[in-house]
Amino acid sequence: MENASIAQIFRRIADLLDYQGVAFKPAAYRRAAQTIDDLPKDIAEFTDSKELKKLPGIGEAIADKILEYLKTGKIAAYDRLLFETQMGAAGLLVVEGLGPRRVREIEQHLDLRTVPELIMAAEAGKLRTLPGFSDVLEQKILENARRAHERSHRFPRADVATDVERLLKALRALPGAERVEAAGSYRRKKDTVGDVDILISASRNNLPEKLALAVADAVRAFPQFTRVVAEGPTKISFDLASGLRVDTRIVAAQEWGSALLYFTGSKEHNILLRRRAIERGLKLSEYGLFRGKKVLASETEEEIYKALGLSWIDPEERTEMLPGNE
């Protein structure tokens with residue numbers, strides 16, 4: 001769903017506004033982000049501002065930004081904020097544990113503006129001398145800054161392919177795992193990847209919760225595993241020794257096609273498909289293609305493309321264009 005992406009952007013906007021010293025607005029964006037996180041359905045199902053404004057903490061300005069993202073994949077106000085703050089230390093906000101107040105302290109006392117500079121300062125023991133900092137906090141910031149630095153660049157696909165394919169093999173061997181595929185830029189065979197999404201569907205006679213436990217055990221036993229970042233009933237996010245972030249998700253067998261289509265991307269391709277669905281009075285999400293509450297297609301990518309009047313498109317060609325279909 002787009003929920004997580006939009007909520008993350010709103011929290012990022014709140015941090016950037018805090019960094020600029022703006023009052024009141026940061027709290028509004030954080031409340032909106034929490035509302036979106038708590039939604040039990042895909043926010044893409046809201047097609048107009050009037051419906052969005054019925055949600056707690058969603059006013060007209062924030063509703064317009066949500067619709068802008070759903071239509072274009074970006075929010076112009078967020079892009080402007082990034083541009084306004086790019087010459088300062090706001091880039092340090094990507095480091096876990098560093099909020100606007102601590103970033104301002106670092107900028108004011110040490111004149112640091114980049115994550116590599118932050119790492120060097122922490123290694124030299126300079127952060128612990130700042131007001132409100134300690135040697136324990138300094139070490140935690142150093143660990144998080146190193147991880148942020150590792151994730152700030154993309155990995156050549158050829159460099160991570162061996163680990164990814166071995167991981168896929170281990171997951172496919174699990175009892176109850178019917179289908180296992182890597183999605184995202186890895187499946188689209190881009191030259192570089194930022195992280196890897198792996199989708200897993202449970203066979204119909206197996207409980208997803210049971211499979212989730214087996215997946216978590218397999219992940220922790222994987223030789224290149226280093227740490228769990230987040231874990232839930234159907235998802236586990238973790239880092240490999242290379243610094244590559246991997247997200248595994250268990251999806252319902254009947255929603256395999258729509259989930260694989262959504263998580264494969266690209267974002268531009270998904271926006272184009274969703275727009276095509278809306279033009280036909282339909283709704284497309286990771287859970288399926290719907291007319292009202294009726295599921296028209298969800299089990300395979302092919303049937304979803306067909307229901308949209310399209311031929312199946314190879315993942316490598318999923319950009320903002322629809323080759324051979326228009």
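The values are calculated or read from the model by the stated rules, or taken from the named source; none is laboratory data. Please read these numbers as outputs of a predicted model, since none were measured by experiment. We place every Cβ from the backbone using ideal geometry, glycine too, and count neighbours over all the protein chains shown.
Please specify each residue of the stretch 297-311 satisfying the condition of being crowded, with 18+ Cβ neighbours inside 10 Å and of a type in the set (A, V, I, L, M). Before the answer, list the steps.
Initial filter on the stretch 297-311 (crowded, with 18+ Cβ neighbours inside 10 Å): 297-298, 301, 304-305, 307-308.
Correct list: Ala297, Ile304, Ala307, Leu308.
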Problem - Residue in the stretch 274-286 that is of a type in the set (Ser, Thr, Tyr) and under 23 Å from Glu143 (Cα atoms) present - result: no
Exercise for the section: Just give me the residues in the stretch 1-14 being surrounded by 21 or more Cβ atoms within 10 Å (Cβ to Cβ) and farther than 14 Å from Arg80 by Cβ, in sequence order. Expected result: Glu2, Ile6, Ala7, Phe10, Ala14
Practice task
Take Phe290 and decide whether it is in contact with a strand residue (DSSP E or B) (Cβ under 6 Å, 6 or more places away or on another chain) and closer than 20 Å to Ile43 by Cα.
Solution key: yes
Practice task
Could you tell me whether the stretch 60-71 includes any residue that is surrounded by fewer than 17 Cβ atoms within 10 Å (Cβ to Cβ) and assigned to a loop (DSSP other than H, G, I, E, B)?
Solution key: no
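So which of Val193, Val180 is within 17 Å of Ser237 (Cα to Cα), at pLDDT 95 or above and among the hydrophobic types (A, V, I, L, M, F, W, C)? Don't jump to the end; show me each part of the working.
Values: Val193 fails: at pLDDT 95 or above.
Exactly one of Val193, Val180 is within 17 Å of Ser237 (Cα to Cα), at pLDDT 95 or above and among the hydrophobic types (A, V, I, L, M, F, W, C), namely Val180.
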Problem - Failed condition for Leu260, given (1) touching a residue at least 60 places away in the same chain (Cβ under 8 Å); (2) farther than 30 Å from Leu310 by Cβ - result: (2)
Exercise for the section: Could you tell me which numbered condition Lys267 fails, if it satisfies all but one of (1) buried (at least 18 other Cβ atoms within 10 Å of the Cβ); (2) within 16 Å of Ala183 (Cβ to Cβ)? Expected result: (1)
Completion exercise
When Ala297 is run through (1) outside the structural domain of Val164 (by TED's automatic domain parsing); (2) in contact with a Ser or Thr (Cβ under 7 Å, 6 or more places away or on another chain); (3) without any contact (Cβ under 8 Å) to a residue 60 or more places away in the chain, the failure sits at (2)
Practice task
Search the stretch 37-57 for residues that are more than 17 Å from Gln8 (Cα to Cα) and pair each with any residue that is among the charged types (D, E, K, R) and surrounded by 14 or more Cβ atoms within 10 Å (Cβ to Cβ) when their beta-carbon atoms are under 6 Å apart and the residues are at least 6 apart or on different chains.
Solution key: Glu45/Lys283
Exercise for the section: Exactly one condition in (1) surrounded by 15 or more Cβ atoms within 10 Å (Cβ to Cβ); (2) closer than 30 Å to Leu261 by Cβ is not met by Ile141; state its number. Expected result: (2)
Practice task
Could you please let me know if Glu279 is under 30 Å from Leu308 (Cα atoms), buried (at least 16 other Cβ atoms within 10 Å of the Cβ) and at pLDDT below 95?
Solution key: no
Exercise for the section: Hey, can you tell me all the residues within the stretch 267-326 that are part of a loop (DSSP other than H, G, I, E, B) and of a type in the set (Ser, Thr, Tyr)? Expected result: Tyr287, Ser298, Thr300, Ser311, Thr319
Problem - Positions within the stretch 203-232 being modelled with pLDDT under 85 and over 27 Å from Phe155 (Cβ atoms), in sequence order - result: Ser203, Arg204, Asn205, Asn206, Leu207, Pro208, Glu209, Lys210
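Give the stretch 175-200 a look and list any residue that's touching a strand residue (DSSP E or B) at 6+ places or on another chain (Cβ under 8 Å) and under 19 Å from Ala214 (Cα atoms), or say none.
Scanning the stretch 175-200 gives Gly176, Ala177, Glu178, Arg179, Val180, Glu181, Ala182, Asp197, Ile198, Leu199, Ile200.
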Exercise for the section: Check every one of the strands (runs of 3 or more DSSP E) wholly within the stretch 159-261 and list those with 1 or more residues that are hydrophobic (A, V, I, L, M, F, W, C) and surrounded by fewer than 17 Cβ atoms within 10 Å (Cβ to Cβ). Expected result: 225-231
Fill in the blank from the handout: Of (1) of a type outside the set (Lys, Arg); (2) assigned to a loop (DSSP other than H, G, I, E, B); (3) touching a helix residue (DSSP H, G or I) at 6+ places or on another chain (Cβ under 9 Å), Glu107 satisfies every one except (2)
